């Protein structure tokens with residue numbers, strides 16, 4: 001395999017560890033915990049893993065006690081995020097330090113690998129080329145959910161065949177919810193298998209007091225911010241285009257907010273604020289158009305706007321429309337041909353006819369929503385009636401929200417001031433950031449998370465998520481430990497049923513990062529205050545290479 005000089009240099013990088021993980025480890029047990037909400041219901045559903053104590057690690061003076069050799073399994077679950085390979089590296093090195101005879105197995109293709117018994121043994125020779133690299137290609141990932149007892153039992157049988165007594169699931173909120181369900185089921189059966197989670201998602205919505213950030217967020221936003229800075233430089237050079245940039249983040253706007261803090265664009269929409277203010281689509285369009293006109297009058301016929309991927313679902317009137325369309329286009333898995341509207345749509349390939357079919361049926365149900373639907377640009381009407389996913393939801397990432405806003409702003413600007421020049425270019429930054437080589441922060445953080453998971457396994461813990469805190473300090477001062485997954489849970493309606501899930505962390509409109517953004521956005525809108533972050537720095541001064549996100553620094557008062 002041919003590798004670049006940067007990859008060769010990164011392979012030699014030794015991730016930094018907290019002092020508590022560098023030698024013998026003392027396990028400190030804290031107070032019992034409870035879920036963030038719905039305590040009685042969560043406790044009833046998780047009788048064996050609810051109320052567990054917080055765990056923190058400290059450096060121990062005594063030598064490490066002998067630990068028996070064990071077999072451990074690991075799964076990468078959900079979308080890719082920079083640093084996943086280093087979580088596995090930290091887990092591997094931690095297990096081998098406890099006992100060189102311990103073995104690590106990676107299940108291939110995500111959770112389905114556990115059920116289908118597809119795996120590979122991860123040896124030092126197999127692992128070494130993947131250290132400090134981006135991607136999940138070491139064992140692959142997948143989005144299969146482990147929710148049913150049949151899956152649990154099949155997976156358990158496969159674990160038993162390999163002699164595996166601990167399973168590490170690396171994923172986001174849904175994946176770690178599944179890890180909690182699995183841990184509870186195995187504990188109830190006294191199956192002898194521990195389950196540990198690790199917090200992953202570039203969206204940044206898996207966070208709380210004990211999980212300061214999810215891994216991959218730091219790297220992904222640095223990649224996006226470099227690209228945004230490049231576009232800002234181009235906009236300020238050409239001085240004739242507005243750039244509308246859609247960024248990943250369906251359920252939360254952490255990426256958009258952090259990218260704004262790093263690059264200071266003219267406009268950044270925050271979905272959570274739109275929802276809190278119950279803003280209409282027309283109000284949003286007016287807001288953007290007014291900034292376009294004001295900048296034009298100051299001689300600046302250019303600008304940059306950041307738009308969260310999930311914005312439409314936060315605009316109350318559009319959210320209601322999407323919900324009505326989801327109901328109208330719902331397909332019963334057991335009776336796929338039972339929906340007459342869907343059958344009508346399948347009978348034609350003409351987009352105009354498809355829009356007419358949906359409009360006709362929507363008018364019968366919700367005339368007001370039908371009018372809103374027909375007021376949207378033609379391209380977005382088609383995108384709103386795309387086939388729903390397996391959960392009955394609209395694939396929001398396929399909605400070109402940036403183009404929807406661009407078309408509407410263009411018409412609005414023309415109606416307000418025909419002399420204003422408005423030309424727009426469109427971008428969507430998503431996959432560009434998911435598999436980047438991890439920043440030093442993510443390389444260190446992920447390695448520490450994996451190493452922490454190995455210590456939690458040695459402690460006999462199950463139903464825990466690896467936690468590494470104090471992450472705005474140098475890595476040797478980070479605080480490692482474990483947080484019970486049930487502590488992060490609440491009850492939510494999913495597919496018409498009330499289910500226990502890890503509570504998503506949305507942008508806190510009362511938090512310091514948003515407050516800083518809010519304080520400065522009017523200035524950034526009027527002036528050209530662009531910041532050009534440039535590429536991720538892997539080598540050089542610590543203050544340049546190891547710095548974490550501005551969001552985290554503001555949250556921690558740095």
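The values are calculated or read from the model by the stated rules, or taken from the named source; none is laboratory data. Computed from a predicted model, the values in this text were never measured in an experiment. Neighbour counts run over all protein chains shown; Cβ positions are idealised from the backbone, glycine included.
Miscellaneous remarks
- Residues of region 452-499 satisfying the condition of being crowded, with 22+ Cβ neighbours inside 10 Å, within 22 Å of the chain's Cα centre (by Cα) and farther than 27 Å from residue 550 by Cβ: 453, 463, 464, 482, 484, 485, 486, 487, 489
- In the condition set (1) surrounded by fewer than 20 Cβ atoms within 10 Å (Cβ to Cβ); (2) assigned by TED's automatic domain parsing to the domain that holds residue 180, residue 506 is compliant with all but (2).
- Subset tally (residues that are in contact with a helix residue (DSSP H, G or I) (Cβ under 9 Å, 6 or more places away or on another chain) and more than 14 Å from residue 249 (Cα to Cα)) for region 201-210: 3
- Checked against (1) more than 15 Å from residue 384 (Cβ to Cβ); (2) modelled with pLDDT under 95, residue 307 meets all criteria but (2).
- For the residues 369, 362, 328, 384, the requirement of being over 23 Å from residue 282 (Cα atoms) and modelled with pLDDT of 85 or more singles out 328.
- Every residue from region 29-59 that is closer than 18 Å to residue 453 by Cα and without any contact (Cβ under 8 Å) to a residue 60 or more places away in the chain: 29, 30, 58, 59
- Tally of residues being within 30 Å of residue 81 (Cα to Cα) and free of Cβ contacts under 8 Å to residues at least 24 places away in the same chain across region 414-445: 1
- A count restricted to region 124-151 and to residues that are closer than 25 Å to residue 467 by Cβ and part of a helix (DSSP H, G or I) stands at 2.
- Elements of type helices (runs of 4 or more DSSP H) in region 510-558, at least 2 residues being in contact with a helix residue (DSSP H, G or I) (Cβ under 9 Å, 6 or more places away or on another chain), over 21 Å from residue 244 (Cβ atoms) and modelled with pLDDT of 95 or more: 512-526, 550-555
- Scanning region 131-157 for residues that are buried (at least 20 other Cβ atoms within 10 Å of the Cβ) and in contact with a strand residue (DSSP E or B) (Cβ under 9 Å, 6 or more places away or on another chain) returns 136, 138, 139, 141, 146, 155.
- Flag if residue 36 is surrounded by 12 or more Cβ atoms within 10 Å (Cβ to Cβ), in contact with a strand residue (DSSP E or B) (Cβ under 8 Å, 6 or more places away or on another chain) and within 30 Å of residue 492 (Cβ to Cβ): yes
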